[in-house]
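Down below is the structure, laid out as structure tokens.
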Amino acid sequence: MNKEEKNTLAAELSQAVKDYAHFYVVDFSGLNAEQTSKLRRECFNKEVKLMVVKNTTFVKALEAVNAEEYADVKGMLKGSSAIMFTNTGNVPAKIVKEMLKSGDKPALKGAYVEQAVYGADQLDVLAAIKSKNELIADVIALLQSPARTVISALTHAAEGKEESETLK
């Protein structure tokens, strides 16, 4: 790969970092063709962009975007790396957890989710992070709960009054 191609790839990676709110660094070396195909298919189906990159090229891309914000990510970039870009913070973690049920790869090296850096040992934490839509659904359910209680009480009170009137 010549210097111009490397610069083009670094620019593409920089744009991906800007376009996607979260990314995971994983190592999926050692997966056979079937497992790799399954991983790529899962990523595609769940709107996760998977890119195999050279570590130095990805470091250049991160530095082009914001060197200070991504300083801790550089330590994750050893050995072969693939980057999983997503706009839903927990989806790649769920994909990795599912794949790990049948083997020891892909291995999580780390992640940048919700403007924080997570280490390789925090896969369960990452999988448990709620997405924006899940949080909105929780808030709506909490807001509806008191209204449902009032409506239920009024309904039961009205039914009780109707029963007492029919008994007279």
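The values are calculated or read from the model by the stated rules, or taken from the named source; none is laboratory data. Source: prediction; values computed, not measured. Cβ sites come from the backbone with ideal geometry, for glycine too, and all protein chains shown count toward neighbours. Side chains included, ligands, DNA and RNA excluded: accessible areas come from the protein's heavy atoms. Shrake-Rupley method; radii C 1.70, N 1.55, O 1.52, S 1.80 Å.
Starting from residues that are basic (K, R) and closer than 30 Å to A111 by Cα, keep the ones in region 127-168 and report whichever is modelled with the highest pLDDT.
K130
So which residues in region 73-89 are crowded, with 19+ Cβ neighbours inside 10 Å and polar (S, T, N, Q)?
S81, T86, T88
How many residues, within region 90-121, are of a type in the set (F, W, Y) and either open to solvent by 60 Å² or more (accessible area, probe 1.4 Å) or touching a residue at least 40 places away in the same chain (Cβ under 8 Å) (or both)? Break it down stepwise before answering.
Quick first cut of region 90-121, residues of a type in the set (F, W, Y) only: 112, 118.
After this cut, where a residue has to be either open to solvent by 60 Å² or more (accessible area, probe 1.4 Å) or touching a residue at least 40 places away in the same chain (Cβ under 8 Å) (or both) as well, the list is 112.
Residues meeting the conditions: 1.
Does at least one position in region 68-89 carry a residue that is under 11 Å from A111 (Cα atoms) and small (G, A, S)?
Yes: one or more hits.
Would you please name the residue that is surrounded by the fewest Cβ atoms within 10 Å (Cβ to Cβ), looking only at residues in region 11-68 that are part of a loop (DSSP other than H, G, I, E, B) and charged (D, E, K, R)?
Only one residue tops the list, namely E68.
So R40 passes all but one of these: (1) more than 30 Å from E134 (Cα to Cα); (2) touching a Leu at 6+ places or on another chain (Cβ under 9 Å); (3) basic (K, R). Which condition number does it fail?
(1)
Of A61, A16, A21, which residue is farther than 20 Å from L126 by Cβ and not acidic (D, E)?
A61 is the lone residue from the list that is farther than 20 Å from L126 by Cβ and not acidic (D, E).
Determine the pairs where a residue that is acidic (D, E), located within region 36-49, has a partner that is assigned to a helix (DSSP H, G or I) and open to solvent by 90 Å² or more (accessible area, probe 1.4 Å) with Cβ atoms under 9 Å apart, the partner being 6 or more residues away or on another chain.
The qualifying pairs are E42/E98.
Within region 24-50, can you find the residues that are of a type in the set (A, V, I, L, M) and within 15 Å of A107 (Cα to Cα)?
In the first step, residues of region 24-50 are kept if they are of a type in the set (A, V, I, L, M); the result is 25-26, 31, 33, 39, 48, 50.
Within region 24-50, V25, V26, L31, L39, L50 meet the criteria.
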